[in-house]
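Novice: Structure in structure tokens, see below.
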Amino acid sequence: MDISFDDCYKAMETRDRTFEGRFYAAVVTTGVYCRPGCPGRPKRENMRFYETAGEAREAGFRACKRCKPDG
């Protein structure tokens, strides 16, 4: 991935939609993956980042119902 974990987390924390399509965030505790602009506020230690939605699905995560990353 060409974006660091810290940059991905910062984009999620600020809900920066300019990063949408560049990565997807998965939350270990809920089992969902989201777009960077999602209103969810997961803890840093529970986050994993993937380049594509397909990679997140293959890792066992499902699409967030709030931000609909597959839509």
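The values are calculated or read from the model by the stated rules, or taken from the named source; none is laboratory data. Keep in mind that what you see is a predicted model, and the values were worked out from it rather than measured. Don't worry about glycine lacking a Cβ; one is built from the backbone with ideal geometry, like all the others, and counts go over all protein chains shown. Ligands, DNA and RNA are stripped out before the accessible areas are found, and what is left, the full protein with its side chains, is counted by its heavy atoms. Shrake-Rupley method; radii C 1.70, N 1.55, O 1.52, S 1.80 Å.
Novice: Any residue in the range 31-46 that's closer than 12 Å to CYS67 by Cα and free of Cβ contacts under 8 Å to residues at least 60 places away in the same chain: show its pairings with residues that are in a strand (DSSP E or B) and among the basic types (Lys, Arg) at Cβ separation under 6 Å, as long as the two are six or more apart or on different chains.
Specialist: VAL32/ARG62
Novice: Within the range 23-48, work out how many residues are surrounded by fewer than 16 Cβ atoms within 10 Å (Cβ to Cβ) and at pLDDT 90 or above.
Specialist: The total comes to 8.
Novice: Then there's this: List the residue pairs whose Cβ atoms are under 6 Å apart, where the first residue sits in the range 1-19 and is more than 15 Å from GLU51 (Cβ to Cβ), the second is part of a helix (DSSP H, G or I) and open to solvent by 80 Å² or more (accessible area, probe 1.4 Å), and the two are 6 or more positions apart or on different chains.
Specialist: TYR9/ARG44
Novice: Where residues in the range 49-71 are charged (D, E, K, R), without any contact (Cβ under 8 Å) to a residue 40 or more places away in the chain and in a loop (DSSP other than H, G, I, E, B), which of them is surrounded by the fewest Cβ atoms within 10 Å (Cβ to Cβ)?
Specialist: The selected residue is LYS65.
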